[in-house]
Amino acid sequence: MTAPMPTFPAGFRWGVSTSAYQIEGAATADGRGRSIWDTFAHTPGRIADGSTGDVACDHYHRHREDVALLAGLGVSAYRFSVAWPRVLPTGSGAVVPAGLDFYERLVDDLLAAGIDPVATLFHWDLPQPLQDRGGWLARDTASHFAEYADAVAARLGDRVKLWITLNEPFIHLSLGHGTGAHAPGQALLLDALPVAHHQLLGHGLAVAALRARSTAPVAIANNYSPVVPAGRTDADRAAAAAYHALHNRLCTDPLLGRGYPPGFDPTEVPTGTPAVVRDGDLDVIAAPLDVLGVNYYHPSAVRAGTPDDPLPFELVPLTGHPRTAFDWPVVPDGLRDLLVGLRTEYGDALPPIQVTENGCAYDDVPDTRGRVHDPERIAYLDGHLRAVHAAIAAGVEVTGYFVWSLLDNWEWAEGFTKRFGLTHVDFATQRRTPKSSYTWFRDVVTRPTPDQPA
Ligand code: PNW
């Protein structure tokens, strides 16, 4: 780390992120219903190490210890998600107060520690009974999501400081319903596009529900991946444009009032069933956002597909960069290019941005004295923070940055094999050990800024 880290604007929000199914455990506590991830994880062959999130980091029973880790880190915000099946075990109908009690304790402990609670409402754990009625392929799921948002805001609307409706609707579409690598395990390719529309419709309806109960700002967290053509041919460039439209524009263009990108418009999905996109839907979806959440991990390289490929592109490894334990390329400048690119693409329609996830997996192991050294993670975060600063210097309004993740946790289809935490977790004992990246990030976020003397 060469030059000192540049200074961020006064009031910049520093945080870390987690999600419910990845850390909470307590899968049957206090009336929690089942989600599609319980079903998926308990299906043999779906998870790399055969594990489930039944216990995960046991955060449900250890949230005090985890709030103390947050306080020790010095962050001003914590992004967590609320498990829909804890609040509404069947997805709709009667609220289980005990489920909300847990989040109320968490939020109150955060506030007492001076940490802003940032609550995500849907981080992929759809109640299984809603999946049994069609899940996000069914239009009704959008209105059930708004009912759930109303129930959470009725309890926490006076204390949550930022709402995030959906986490990464594109990844939930593509991995959950396009390829089937994630729950609910459907491999529908582009026939899954109604899942995007119904999630975004649910988002728009939830925005209205949240605003009726809470004065806190409202956001959505999208995953973005700058797309690089694998070769110099026109066909590869066209494939890159197509993948950009799908990954980066499908869930951003309609939110910012532009409708769906050509080629991936759910209106065009051939069916004999009622129209997916109905009159007025696009207005609901384009409800003004206070913040755009940007989750960034890595760029994507694509080449043209062969004529019999079902999709107009093929993803290939992006070479020439260091790689994480997930085999994802480490490209810090991709984050600057992405942020500047959003500004260029959407201009004044772009709300202020907060980077709601950024981080990396490495095979972190405690040394003989129990300490965990993760210099690769420090280098990753250092590079990406400089990229955020460069984007701010170039005129992009970025008002916060959250590391994924506070804790090593249950990494979806990878089970416990991928460690993203600033804090090491021994899953056999639940012992938490802050890594050297935790200390490094603490030093970054607690530095005095010119406008905020120590
Ligand atoms: C995000 N990809 O998921 C999620 O929001 C987190 O829950 C997750 O733990 C984190 O990133 C790390 O994976 C992604 O294939 C899953 O590019 C897959 C991709 C990107 C993000």
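The values are calculated or read from the model by the stated rules, or taken from the named source; none is laboratory data. What you see is a predicted model, and the numbers here were worked out from it, not measured in a lab. So basically every Cβ, Gly included, is an ideal-geometry build from the backbone, and we count neighbours across all protein chains shown. What goes into the accessible areas is simple: the full protein's heavy atoms, side chains included, and nothing from ligands, DNA or RNA. Shrake-Rupley method; radii C 1.70, N 1.55, O 1.52, S 1.80 Å.
Data for the structure
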read-out: Peptides ranked, highest mean first, by Cβ atoms within 10 Å: ranges 219-225, 298-304, 260-266; value: 219-225, 298-304, 260-266
read-out: Backbone HN-Hα couplings from phi across the range 296-313 [Karplus 6.51/-1.76/1.60, Hz, Gly and Pro as x]; value: 10, 10, 6, x, 10, 10, 9, 10, 5, x, 7, x, 8, 5, x, 10, x, 6
read-out: Cα-centred dipole magnitude for the range 169-291, charges only on beta-carbon of K, R (+1) and D, E (-1), debye, nearest 20; value: 280 debye
read-out: Counted charge near Ala153, where neighbours are those whose Cβ lies closer than 12 Å (Asp, Glu -1; Lys, Arg +1); value: +1
read-out: Residues whose placed amide H lies under 5 Å from that of Val372, excluding near-sequence neighbours; value: Asp367, Ser436
read-out: Global geometry of the range 266-319, whether rounded, prolate or oblate, following the gyration tensor of its Cα atoms and the 1.5 cut on a/c; value: oblate
read-out: Whole-number accessible area per residue in Å² for the range 35-128, which is evaluated in the context of all protein chains at 1.4 Å; value: 30 Å²
read-out: Relative contact order computed over the range 67-162 (Cα-Cα under 8 Å; 6+ residues apart), in percent; value: 37 percent
read-out: Overall form of the chain per C-alpha gyration tensor (a/c, 1.5; a/b vs b/c); value: rounded
read-out: Listed residue (Asn222, Val403, Leu315) projecting farthest to the positive dipole end of the chain, Cβ model; value: Val403
read-out: The chain, dipole about Cα centre (Lys/Arg Cβ +1, Asp/Glu Cβ -1), debye to the nearest 20; value: 740 debye
read-out: Simple Cβ-charge dipole of the range 277-320, Lys/Arg +1 and Asp/Glu -1, about Cα centre, in debye nearest 20; value: 220 debye
read-out: Mean Cα-pair separation over length for the range 15-123, i.e. relative contact order, pairs under 8 Å, 6 or more apart, %; value: 35 percent
read-out: Residue-normalised accessible area of the range 287-328, given per residue in Å² at a 1.4 Å probe; value: 49 Å²
read-out: Share antiparallel - DSSP beta bridges, the chain, percent rounded to 5; value: 20 percent
read-out: Between the range 386-454 and the range 178-232, the alpha-carbon center distance in angstrom; value: 24 Å
read-out: Accessible-area composition of the range 186-276, carbon plus sulfur, in percent [1.4 Å probe]; value: 57 percent
read-out: Amide H partners (placed H, <5 Å) of Val302, local residues excluded; value: Val228, Ala230, Val316
read-out: 5 angstrom amide H check on Asn223, placed H, neighbours 5+ away; value: Glu168, Phe170, Ile171, Asn295
read-out: Contact order normalised by residue count of the chain, Cα under 8 Å, 6+ apart, percent; value: 18 percent
read-out: Rounded, prolate or oblate (a/c below 1.5 giving rounded, otherwise prolate when a/b exceeds b/c) for the range 192-336 by Cα gyration tensor; value: oblate
read-out: Positive-end extreme of charge dipole, the chain - chosen from Ala212, Pro97, His61 (charges on Cβ); value: His61
read-out: Cα lying deepest toward the dipole's positive end in the chain, options Ser35, His373, Ala275, charges on Cβ; value: His373
read-out: Accessible surface of the range 75-163, 1.4 Å probe, proportion on carbon and sulfur as whole %; value: 51 percent
